[in-house]
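Taking it in order: structure first as structure tokens, then the write-up.
Just so it is clear, none of the values below were taken in a lab; they were calculated from the coordinates. Model, not experiment: these values are computed from the prediction. Methodologically, a virtual Cβ is constructed for each residue, glycine included, from the backbone with ideal geometry; neighbour enumeration extends over all protein chains shown.
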Amino acid sequence: MFEIKENFPLKKYNTFGIDVKARYFSMCPSKDELIQSINKYKKEKLPLMILGGGSNVLFTQNFPGLIIQPALKGIEVINENSRVIQLKVGAGEDWDEFVEYCVEKGWGGVENLSFIPGNVGTCPIQNIGAYGVEVKDVITEVETLEIETLKTHRFKNADCHFGYRDSIFKRALKGKHIIMHVYFRLSKKANFILDYGNLQNELSRFDKINLQNIRQAVIDIRNAKLPKPEETGNAGSFFKNPVVDKKELEQLQLNHPEIPFYSFGDETVKIPAGWLIEQAGWKGKKMRNVGVHEKQALVLINLGHATGEEVVQLAHNIQQSVWEMFGIELEMEVNIV
Ligand code: FAD
Ligand code: EPU
């Protein structure tokens, strides 16, 4: 039954494992419940936050208002032919369970995005990406509930202004809409994307390349370098990989000829922040309750009883060192609350 809970503990609702509470919390399995919850927030003039799986947030204090967790479920086929299938998926579906379902059905397009934590409703917000694929490549539309007007909107892919870890929902529409459903177009024909890092290599141990094996290879690579949130609190990459123009890269190469980079547009390149952080000496460092993961320097970890403030302090120290060493400003990917 729908209920708004009070003084709700959030430790199990954020993958960093930060021990804070929300004044009110409501899990909403339908649009009706979303509307009822929004009305409470409006009546009491409370701060409002939307929470999915909590895998890209860092709480720095108790939340003084209402947290709404959209829990709309369902994977509905809305159209298909021999080549493609179109799906409407509820925001509250678990992202990786959705990927697993698609792979089992033989629908391609999301297999490289295996094992990313979080909910389907959140995937458009930062346009989740991994192993050469971004979710924008398969999203056709995003359906939202506008908090102010309680109107339903449908945003076509082009209206979402997707970019690298970016979308309109992180910018102009931040905090203004609740994503209720995401529409995907997946492929029934093989169209594998295998050119990222060591994915090909990882696949060489399988006798054939298919969706299942790509999913397994991605899971194995991820397991080898990313900490499991159930064991070690974290939110994946804490920073974005910085994008710099080619002239700036040439300057950097004068002092750091070995700097890795990937082409990103005609005039710019992306530099792995993990490398910058490692060069600045932070990889594997521990400071009281927080640390930098020993296998992937882009991941900050909770060593047990960290507060959000401690993580933020560590992040600022890292930003400072990278700035001093390379003149590059690291931008946080994680949403600080
Ligand atoms: P939350 O953390 O709950 O929310 C994130 C933001 O979205 C918040 O600002 C929240 O207010 C807002 N929000 C959530 N749901 C809604 C909604 N329905 N409507 C409106 N706003 C909403 N990300 C990648 O892109 N690639 C990776 O490879 C990757 N690997 C990861 C590995 C690990 C171990 C972890 C812990 C995280 C990783 N991430 C990765 C980050 C994270 O999984 C994604 O950003 C994911 O999409 C977050 O989903 P969530 O439901 O947990 O979002
Ligand atoms: N590197 C280092 N040291 C490190 C980590 C990385 O030198 O400690 C360098 C290496 O040169 C390595 C390169 O960085 O080859 C790239 O590393 P990796 O393949 O692990 O990817 P990443 O750039 O660190 C990005 C995403 C991940 C995503 C992977 C795989 C961002 C901010 N992060 O990480 O997404 O899973 O690529 O595609 O773009 C997330 O967003 O939370 C996340 C985990």
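Scanning the range 294-320 for residues that are of a type in the set (V, I, T), within 18 Å of T60 (Cβ to Cβ) and assigned to a strand (DSSP E or B) turns up just one, I301. Residue pairs whose Cβ atoms lie under 8 Å apart, separated by 6 or more positions or on different chains, with the first residue in the range 85-100 and part of a helix (DSSP H, G or I) and the second among the basic types (K, R), are V99/R215; E100/R215. Whether a residue is within 16 Å of ligand 1 (Cβ to nearest atom) and within 28 Å of F16 (Cα to Cα) was assessed, and G274 passes this test.
Among the numbered conditions (1) in contact with a strand residue (DSSP E or B) (Cβ under 9 Å, 6 or more places away or on another chain); (2) of a type in the set (G, A, S); (3) under 18 Å from N241 (Cα atoms), the only one that G109 does not meet is (3).
For (1) in contact (Cβ under 8 Å) with a residue 24 or more places away in the chain; (2) over 16 Å from G274 (Cβ atoms); (3) under 22 Å from the mean Cα position of the chain (by Cα), each residue gets a yes or a no:
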position: R215; (1), (2), (3): yes, yes, yes
position: I221; (1), (2), (3): yes, no, yes
position: A224; (1), (2), (3): yes, no, yes
position: P229; (1), (2), (3): yes, yes, yes
position: F239; (1), (2), (3): yes, no, yes
position: K247; (1), (2), (3): no, yes, no
position: H256; (1), (2), (3): yes, no, no
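Would you be able to say whether some residue in the range 75-82 is over 26 Å from D220 (Cβ atoms) and part of a helix (DSSP H, G or I)? No, every residue in the range 75-82 fails to be over 26 Å from D220 (Cβ atoms) and part of a helix (DSSP H, G or I).
Being surrounded by fewer than 21 Cβ atoms within 10 Å (Cβ to Cβ), more than 12 Å from ligand 1 (Cβ to nearest atom) and in contact (Cβ under 8 Å) with a residue 24 or more places away in the chain: is that true of C160 here? Quick ask: steps written out before the conclusion?
Working: surrounded by fewer than 21 Cβ atoms within 10 Å (Cβ to Cβ): yes; more than 12 Å from ligand 1 (Cβ to nearest atom): yes; in contact (Cβ under 8 Å) with a residue 24 or more places away in the chain: yes.
When the stated conditions are applied, C160 passes them.
Any idea which residue in the range 92-118 is surrounded by the fewest Cβ atoms within 10 Å (Cβ to Cβ), counting only those that are on the phi > 0 side of the Ramachandran plot and near ligand 1 (Cβ under 9 Å from one of its atoms)? The residue in question is F115.
Could you identify the single residue in G129, G121 that is crowded, with 20+ Cβ neighbours inside 10 Å, under 25 Å from P229 (Cβ atoms), touching a residue at least 12 places away in the same chain (Cβ under 8 Å) and small (G, A, S)? Spell out the reasoning first.
Numbers: G129 fails: crowded, with 20+ Cβ neighbours inside 10 Å.
It is G121.
Only a single item in (1) within 16 Å of ligand 2 (Cβ to nearest atom); (2) out of contact with any Phe, Trp or Tyr (no Cβ under 6 Å at 6 or more places or on another chain); (3) farther than 30 Å from D195 by Cα is not met by S114, and it is number (3). The set of residues from the range 46-66 being among the hydrophobic types (A, V, I, L, M, F, W, C) and within 14 Å of N119 (Cβ to Cβ) comprises I50, L51, V57.
Residues to consider are K246, K283; find the one that is of a type in the set (K, R) and closer than 30 Å to G54 by Cα.
Values: K246 fails: closer than 30 Å to G54 by Cα.
After applying the criteria, what remains is K283.
Which members of the range 87-108 meet the condition of being closer than 14 Å to S55 by Cβ and of a type in the set (A, V, I, L, M, F, W, C)? Matches in the range 87-108: W95 only. Checked against (1) within 21 Å of S55 (Cα to Cα); (2) surrounded by fewer than 18 Cβ atoms within 10 Å (Cβ to Cβ); (3) of a type in the set (F, W, Y), F239 meets all criteria but (2).
Only one of I75, I68 is under 18 Å from L186 (Cα atoms) and buried (at least 16 other Cβ atoms within 10 Å of the Cβ). Can you tell me which?
Numbers: I68 fails: under 18 Å from L186 (Cα atoms).
That would be I75, the only listed residue that is under 18 Å from L186 (Cα atoms) and buried (at least 16 other Cβ atoms within 10 Å of the Cβ).
So, in the range 294-322, of the ones that are under 20 Å from I221 (Cβ atoms) and of a type in the set (D, E, K, R), which residue ends up nearest to ligand 2 (Cβ to nearest atom)? Out of the qualifying residues, it is K295. The residue of the range 163-186 that is nearest to I38 (Cα to Cα), among those that are surrounded by 15 or more Cβ atoms within 10 Å (Cβ to Cβ) and more than 12 Å from ligand 1 (Cβ to nearest atom), is Y183.
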